[in-house]
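The values are calculated or read from the model by the stated rules, or taken from the named source; none is laboratory data. In this text, all values refer to a predicted model and were calculated from it rather than measured experimentally. In this analysis, Cβ positions are derived from the backbone assuming ideal geometry, glycine residues included, and neighbour counts consider all displayed protein chains.
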Amino acid sequence: MEVIIRPDEQAAAELVAAIIAKELTARPQLVLGLATGATMERVYDELVRRHREEGLDFSLCRTFNLDEYIGLPPDDPRSYRSYMNRQLFSRVNIDLRNTHLPDGMAQDLQAECRRYEELISDCGGIDLQLLGIGRSGHIGFNEPLSALRSRTREKALAPTTIAQNAIYFGGDPAKVPCRAITMGVGTILEAHRCILLATGAAKADIVAKAVEGPITAMVTASVLQLHPRCTVVVDEAAASRLQGTDYYRWIFENEPEWAEFRRSSGRHVLRKPTNVQPRPRRRAGARR
Ligand code: F6R
């Protein structure tokens, strides 16, 4: 696992989009695993910008989303299918037939979970899986105590997750669907590469547990420590409870793998007026 710390959420999202763009350019038929949620919106905006301004091509790309609520039809604006159409698919040249989410309206949900696993397998597995992290420590909707070898299945949402997502349901937790279909932890671990993006001070505690704490089913994101190629991208706020920040910063500044991303990072900073002073660099480990 590597941890990359960027100055703010925009820079973190731009780095993730740059990694995706590089992989997609190298392999136009990329099988891309996608996540929803507030954190990903900047990533999708940046991918759209790259499509419009730099010709990033999604025409052969295939996508699999991590999860979908049970009981929300795809055209419900709060469904993850709607989110993906709105945030990304309708804004780039992807073929909608190549975009996949679990069907939360399926009559036979277990059969739907099996179908989803088979579809991923038929596409040759996921090349690059994008992940967020919930305040419960979940990846996808793999809530605490999810089996670390689990496959795509139905899952009841944890109260923390229902509270976190209530904002999309008029602020009323009672309106949040309490079940979802989610890729399993084992399914996610089979992706060739994983990138977890977390931003904001509200994620600092759970990021520290997932990255530097013990591997535990209580924090399913912690299982990414076992993944042979996982990059965690955080902004300063989300990194503020990590212990090893000096080493993580050194990796980004010195390892050859990150050289091209060092050059392209800070693109958004250049857009700022020249009379804006750069923010003082906070002490490693300092809390906001
Ligand atoms: C949603 C998903 C979730 C979110 C996580 C963070 O598809 O996979 O694991 O990534 O709940 O959500 P935000 O970004 O809204 O904090």
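Things to note:
- None of LEU101, LEU109 is within 13 Å of the ligand (Cβ to nearest atom) and either of a type in the set (A, V, I, L, M) or more than 18 Å from ALA35 (Cα to Cα) (or both) except LEU101.
- Comparison of ALA156, ALA147, ALA180, ALA166 shows that the only residue that is surrounded by fewer than 16 Cβ atoms within 10 Å (Cβ to Cβ), under 20 Å from MET40 (Cβ atoms) and either over 16 Å from the mean Cα position of the chain (by Cα) or at pLDDT below 95 (or both) is ALA166.
- Looking across region 45-61 at every residue that is outside any helix (DSSP H, G or I) and surrounded by fewer than 22 Cβ atoms within 10 Å (Cβ to Cβ), the one that is farthest from the ligand (Cβ to nearest atom) is identified as GLY55.
- Just one of the numbered conditions (1) away from the ligand (no atom under 16 Å from the Cβ); (2) crowded, with 20+ Cβ neighbours inside 10 Å; (3) within 25 Å of ASP103 (Cα to Cα) is not true of GLN29: (2).
- Here ARG263 fulfils each of the conditions (1) among the charged types (D, E, K, R); (2) assigned to a loop (DSSP other than H, G, I, E, B); (3) modelled with pLDDT under 95 apart from (2).
- One residue stands out in region 1-44 among those that are of a type in the set (D, E, K, R) and not in a helix (DSSP H, G or I): the one that is farthest from VAL207 (Cα to Cα), namely ARG27.
- Subset of region 62-79 (residues that are part of a strand (DSSP E or B) and in contact (Cβ under 8 Å) with a residue 40 or more places away in the chain): ARG62, PHE64, ASP67, GLU68, TYR69
- Residue in region 253-267 that is among the charged types (D, E, K, R), touching a strand residue (DSSP E or B) at 6+ places or on another chain (Cβ under 9 Å) and surrounded by 15 or more Cβ atoms within 10 Å (Cβ to Cβ) present: no
- Of the helices (runs of 4 or more DSSP H) lying entirely inside region 121-238, those containing at least 1 residues that are more than 16 Å from the ligand (Cβ to nearest atom) and touching a residue at least 24 places away in the same chain (Cβ under 8 Å) are 204-212.
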